[in-house]
Amino acid sequence: MNGQIIISTYPDLESAEDAAKYLVKEKRLAACVNLVKIESRYIWKDKFEESGEYLAIFKTTKEKVEDLKKEVETRHPYNIPEVVEITVKDMNKKYLDWLDNVTSGF
């Protein structure tokens, strides 16, 4: 079993919190989500944009990662959501066991 991290950005705290609650509490596809206020710079429709966003860091297991990515993308408020998967090479066993315990059985 491996730990996986999915990151995605959200336009506001409300949409990030909604995603976190739904995916952790209701779907149990992630054991934990960290929400961090960030400043983003990007090109959208050929225009340079500057905006505040919230970065969501979803922590899950390899077994749940595909379902988690699908749910993030389906429920996301952006037309083109960022859904990035990060494979964790090493994670302490107690934390990995906790991830598995929280996300298993659903």
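What the table below lists for this structure:
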quantity	calculated
Dimensionless Rg ratio for the chain, taking C-alpha atoms and the 2.2 N^0.38 Å reference	1.10
Mean residue ellipticity (222 nm) of the chain, computed from DSSP H runs ≥ 4 via -39,500 (n - 2.57), nearest 500	-8500 deg cm²/dmol
Gain upon complete extension [LYS21, GLU73; 0.36 nm per residue less C-alpha separation]	17.2 nm
Antiparallel DSSP beta bridges within the chain, percent to nearest 5	100 percent
Eligible aspartates and glutamates near LYS62 by straight Cα distance, threshold 12 Å, same-chain separation 8 or greater	GLU85, ASP100
Potential lengthening between ARG28 and THR87 on full extension [0.36 nm per residue; Cα-Cα distance subtracted]	19.3 nm
Extension gain from GLU50 to ILE80, taking 0.36 nm per residue of separation minus the Cα-Cα distance	9.1 nm
Out-of-range pairs (alpha-carbon distance over 19 Å; input LYS59/LYS93; LYS21/LYS93; LYS37/LYS94)	LYS21/LYS93; LYS37/LYS94
Karplus-derived 3J(HN,Hα), 6.51/-1.76/1.60, for each residue of region 25-36, Hz, glycine and proline x	6, 8, 8, 6, 8, 9, 8, 7, 9, 9, 10, 10
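FYI, it's all coordinate maths here, none of it is from the lab. Keep in mind the model is a prediction, meaning the values are calculated, not measured.
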